[in-house]
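Structure first, then comments.
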Amino acid sequence: MRGVLLGLGCSFFLSISLSAQEIWSLDRCVRTAQENNLGVQSADLNVESALLDVKRFQFQRLPNINASLAGGYQFGRTIDPTSNQFIEANTQFSNGQLSAGWLVFNGFRVKNSLEQARLNVQANKATAEDTRNNISLLVATAYLNVLFAEEQLQTTIRQVALSKEQLDQGDRLVRAGLRPENERLALASQLAQSEYQVVLSQNSLDQAFLSLKQLMLVDPETEIRIERPEFDPMSLGDPSALTSESVYRMALQTQPVIRAAELRMQSADKGVDIAQSGFYPTISLFGGLSSAYSNNFLDFAQPDYSNATAILGTAVPVVIDGEDATLAQYNLSGITFPTVSFSDQLERNFGKNLGVSLSIPIYNNHSNQLNVQQSRIAEEQARISTEQARQQLKSDVEQAVQAARAARLQYSSAREAFASQQAAYQALSRRYELGAANAVEFAQAKANLDNAESQVIVGKYEYLFRMKVLDFYLGKSMTLN
């Protein structure tokens with residue numbers, strides 16, 4: 001009796017503690033799990049990455065502009081970058097250029113790549129949605145397990161109270177001399193078994209809460225209380241009114257896993273077009289501006305004679321008025337030329353170019369042919385993956401419909417069995433009070449009643465879960481209302 005009072009007392013204080021805890025609805029649990037789940041976060045990043053691919057291919061339609069600057073020293077015999085002549089001097093140089101290019105045509109590669117990138121965005125979004133749906137289903141299952149464990153715990157606590165009443169009733173009959181002393185042992189054993197079931201139910205509830213918290217990625221020490229909706233399982237609908245084919249057709253339209261597979265198949269089709277673009281020529285426009293500077297770039301148009309000297313050279317024979325004569329030849333030395341300034345060099349060396357380039361593929365080690373063959377294999381693999389997804393979905397739907405039908409029959413049968421056991425227990429209880437039944441029979445009737453009640457709870461939540469799975473395939477929101 002002390003164990004019963006202690007258990008009931010703990011239950012009382014537990015209910016007071018729970019009343020102060022924050023209530024979590026199924027929707028809140030689902031949202032928390034989706035926000036914290038790493039798989040969902042990874043799927044969202046895949047969507048962002050695919051969006052960047054779209055932008056990259058959009059920008060490839062624009063021209064590219066690049067600028068470059070270079071500077072340094074040249075030693076020994078080198079080519080002057082401004083005069084393009086060999087010189088024997090140390091040269092300080094710098095140059096810069098601005099170039100631009102615009103792809104005009106490359107076999108529609110950019111166009112098809114952009115379309116493929118957009119398909120990949122939609123496929124990644126569908127995959128992210130499918131990941132969220134799977135998390136929602138897992139959380140709903142864990143949520144239902146908590147509801148089931150809570151109801152099972154409440155039932156076992158009531159069974160303890162009923163076992164205690166049986167034991168009290170047996171004690172009264174023993175004291176009145178209507179029942180033998182040893183019959184009390186069977187009733188006490190039944191009470192101990194009921195108290196043991198309370199411990200097991202509490203452990204199951206703790207484990208169910210832990211599983212739910214782990215799915216939500218919250219601290220296991222966080223105290224939560226879940227919302228308990230009131231519902232009649234039989235009002236959820238009759239799965240026998242649904243056919244596997246009708247649910248499958250609806251699931252084909254609502255399940256993102258199918259939509260993702262179909263989009264990836266379309267993306268693979270575009271991959272073939274992209275590979276075939278390698279057989280087409282590429283046309284581009286280009287243009288550029290450039291200039292250069294060298295400290296050895298001299299202005300030969302402005303010689304400096306201030307330090308020049310004349311040196312007599314070799315006499316050259318000439319004819320003057322029909323007579324032979326010689327002409328003295330003088331060479332000037334010491335003539336210098338000024339260095340052209342940096343700004344003047346930039347202006348003098350300023351160059352411009354503009355043109356069109358055409359690249360025609362002739363032979364590239366069979367790479368284009370191999371790329372097309374590889375893309376066709378990827379296309380076929382995507383088609384097979386899509387068909388596999390459809391077949392798997394059809395199989396899952398058929399099993400879900402069958403399981404829902406079986407769960408409804410199981411729940412209905414469990415309720416009928418409980419009603420029969422309840423009537424049998426009440427009848428045996430009256431017989432026991434009159435001395436027409438012994439304690440062993442009484443305890444067995446109580447055990448049968450407890451088991452029947454447990455089967456009703458199991459059937460109730462099994463049926464609820466199976467109907468929610470059907471709602472999942474029908475594209476309905478994950479709620480318990």
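Values quoted throughout were computed directly from the atomic coordinates according to the rules given, and no laboratory measurement underlies them. From a predicted model like this one, the values you see are computed outputs, not experimental measurements. Note that each Cβ is placed from the backbone with ideal geometry, even for glycine, and that neighbours are counted across all protein chains shown.
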**Item:** Helix 26-36 axis, angle to the chain major axis (alpha carbon atoms, nearest 10°)
**Value:** 30
**Request:** On a 0 to 90° scale, report how tilted helix 38-59 is relative to the longest principal axis of the chain, with both axes built from alpha carbons and the result rounded to the nearest 10.
**Result:** 30
**Request:** Please turn the phi angles of the stretch 452-459 into ³J(HN,Hα) values with the Karplus equation 6.51 cos²θ - 1.76 cosθ + 1.60 (θ = phi - 60°), one per residue in order, whole Hz, x for glycine and proline.
**Result:** 5, 5, 5, 5, 5, 5, 4, x
**Asked** Once mean projected area of the Cα convex hull in nm² is worked out from the coordinates, which option in (i) 45.2; (ii) 32.4; (iii) 23.0 does it equal?
**Response** (i)
**Asked** Let a ≥ b ≥ c be the square roots of the eigenvalues of the Cα gyration tensor of the stretch 105-242; is it rounded (a/c under 1.5), or, if not, prolate (a/b larger than b/c) or oblate?
**Response** prolate
**Asked** Tell me, what ³J(HN,Hα) does each residue in the stretch 188-199 have, in order and in whole Hz, if you take phi through Karplus 6.51 cos²θ - 1.76 cosθ + 1.60 with θ = phi - 60° and put x for Gly and Pro?
**Response** 5, 5, 5, 5, 5, 5, 5, 5, 5, 5, 5, 4
**Asked** Could you give me the ³J(HN,Hα) list for the stretch 223-231, computed from phi with Karplus coefficients 6.51, -1.76, 1.60 and θ = phi - 60°, whole Hz, x at Gly and Pro?
**Response** 8, 10, 9, 9, 6, 10, x, 8, 7
**Asked** Distance from the Cα centre of the stretch 107-127 to that of the stretch 425-471, in angstrom?
**Response** 60
**Prompt:** Tell me, Lys460, Lys55 in order of fewest to most beta-carbon neighbours within 10 Å?
**Reply:** Lys55, Lys460
**Request:** Could you give the size of the charge dipole of the chain about its Cα centre, using +1 on the Cβ of each K and R and -1 on the Cβ of each D and E, expressed in debye and rounded to the nearest 20?
**Result:** 1800
